[in-house]
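What follows is calculated from the coordinates using simple rules that are stated; it is not laboratory data. Just so you know, these numbers come straight off a predicted model, no measurement behind them. No Cβ is skipped: glycine too gets one built from the backbone with ideal geometry, and neighbour counts run over all protein chains shown.
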Amino acid sequence: MKYTVNVWEDSVKATHTFLNEQEIEHIKEYGPMTSKNVEHLMVVDNDEAVGFMEIENHKLEMLFIASNQRGKGLGKALLQYGMKNYDVCELTVNEQNP
């Protein structure tokens, strides 16, 4: 769970410029990063978490990649894996995302 929060926070700070520091801290403190009822998949490189996604009922609920790993195809690989192995057929994207 700690690794997921670290990846989430790093990714959000790098990409969610529409959130300020206080909003990020509030989400981190009160918004659960994972639920018991979702599939949680993590990408690990050299024993370090660099990305994760959460899937529930064929919907991609979260996908976050560490800022230093962006542009390497990890997000695409996770999404394709989810589509192939978990029948992901739905996702929602914040319109403010870059």
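Points worth noting:
- Computed about its Cα centre, the charge dipole of the chain is approximately 280 debye, with only Lys, Arg, Asp and Glu carrying charge at their Cβ.
- For the chain: rounded, prolate or oblate by the Cα gyration tensor [a/c cutoff 1.5]: rounded
- Gyration tensor verdict on the stretch 52-98 (Cα atoms; rounded if a/c is under 1.5, prolate if a/b is larger than b/c, oblate otherwise): oblate
- Glu56-Lys72 pseudo-label distance in nm [points 7 Å out on the Cα-to-Cβ vector]: 2.9
- Projected label points at Val5 and Thr92, each 7 Å from Cα along the beta carbon direction, are separated by 2.4 nanometres.
- Protection proxy ranking of 79-89, 62-72 - average other beta-carbon atoms within 10 Å, highest first: 62-72, 79-89
- Lysine-lysine proximity count for the chain, Cα under 19 Å, sequence distance 8 or more or distinct chains: 10
- Taken along the Cα-to-beta-carbon direction at a fixed 7 Å, the label points for Leu79 and Glu48 span 2.5 nm.
- Listing Thr17, Thr92, Thr4 from fewest to most neighbouring C-beta atoms within 10 Å gives Thr92, Thr17, Thr4.
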